[in-house]
Amino acid sequence: MKIAKAYAALTDDESRKNWEEFGNPDGPGGALMILAASMEFDKGHNPEVQERESDNVEIPMLIKDLPLLAEKNKERPFCHPYSVKTRALLHSHLSRLQLPRNTLDQDRIYVLSKCPGLVNEMVSCVSQLVALARMGRVAHTPTLDTVENVMKLSPMLVQSLWENKSPLLQLPHFNDDILRHCLTKKRNVRTVRDLIAMKEDDRRSLLRTLSDEQYIDVLNCWMMKTLLP
């Protein structure tokens, strides 16, 4: 049923225009916009969704910290309150913002719990549209960019990182201050592999703002990474 709804949305002229406009040249952020507009997050279709009086205060405050949210978009369903709220929660997750623990953070956790299944259905829907286009049954074939943008959603949400952010931020205790020291005239540390390749003394000097315990966390993290297939 959900795949059928997704298919209907992507074959509708207005919805397809939205997909092409927001899902293609704008990268995974466009696909994220479509994900947030899922009726799974609308209380009218899902009674598990929480709506609170505090949303009227907390959501506008959160939006001020999210410059790429496009909250003034007037097209449906992107302009619907549930869609704007869900989009704000996903943006805050990818930007690693702290949210009120008993309200918006609980909503964020709920939204993330629903995302894997919805992203899988988006991928399935796009795959079906590609197959239907090859058979001549639909006029518009999703572009490769669209397929890639949808598939990028899962790692972004799991890593809690925007696509254009440094992969080093996946490591524990890393932040923008440490990243600034990774790229200097003397250093060009852009990836976890670059960090591993450093001499121990140089690496510890680079991460000198970390405590010994935090530094061990970093070492343990990449040791686990190297053991994965």
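The values are calculated or read from the model by the stated rules, or taken from the named source; none is laboratory data. Computed from a predicted model, the values in this text were never measured in an experiment. Using ideal geometry, Cβ is built from the backbone for each residue, glycine included, and neighbour counts are taken over all protein chains shown. Side chains included, ligands, DNA and RNA excluded: accessible areas come from the protein's heavy atoms. Shrake-Rupley method; radii C 1.70, N 1.55, O 1.52, S 1.80 Å.
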**Study point:** Single condition residue 82 does not satisfy, out of (1) out of contact with any Lys or Arg (no Cβ under 8 Å at 6 or more places or on another chain); (2) under 12 Å from residue 36 (Cα atoms)
**Key:** (1)
Exercise for review: Filter the stretch 129-146 for residues that are under 18 Å from residue 35 (Cα atoms) and crowded, with 18+ Cβ neighbours inside 10 Å and give the result.
Suggested key: 129, 142, 146
Check your understanding: If we keep just the residues of the stretch 210-229 that are modelled with pLDDT under 70 and either at positive phi or outside any helix (DSSP H, G or I) (or both), which is most open to solvent (accessible area, probe 1.4 Å)?
Key -> 229
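Quick check, is residue 187 more than 23 Å from residue 222 (Cα to Cα) and either exposed (fewer than 12 other Cβ atoms within 10 Å of the Cβ) or of a type in the set (Lys, Arg) (or both)?
Spelling it out, it is not the case that residue 187 is more than 23 Å from residue 222 (Cα to Cα) and either exposed (fewer than 12 other Cβ atoms within 10 Å of the Cβ) or of a type in the set (Lys, Arg) (or both).
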Study note, to complete from the structure: Residue count, the stretch 195-209, condition surrounded by 15 or more Cβ atoms within 10 Å (Cβ to Cβ) and part of a helix (DSSP H, G or I), comes to 3
Study note, to complete from the structure: Residue hits (the stretch 41-57; open to solvent by less than 40 Å² (accessible area, probe 1.4 Å) and either touching a strand residue (DSSP E or B) at 6+ places or on another chain (Cβ under 9 Å) or within 16 Å of residue 112 (Cα to Cα) (or both)) are 41, 42, 46, 49
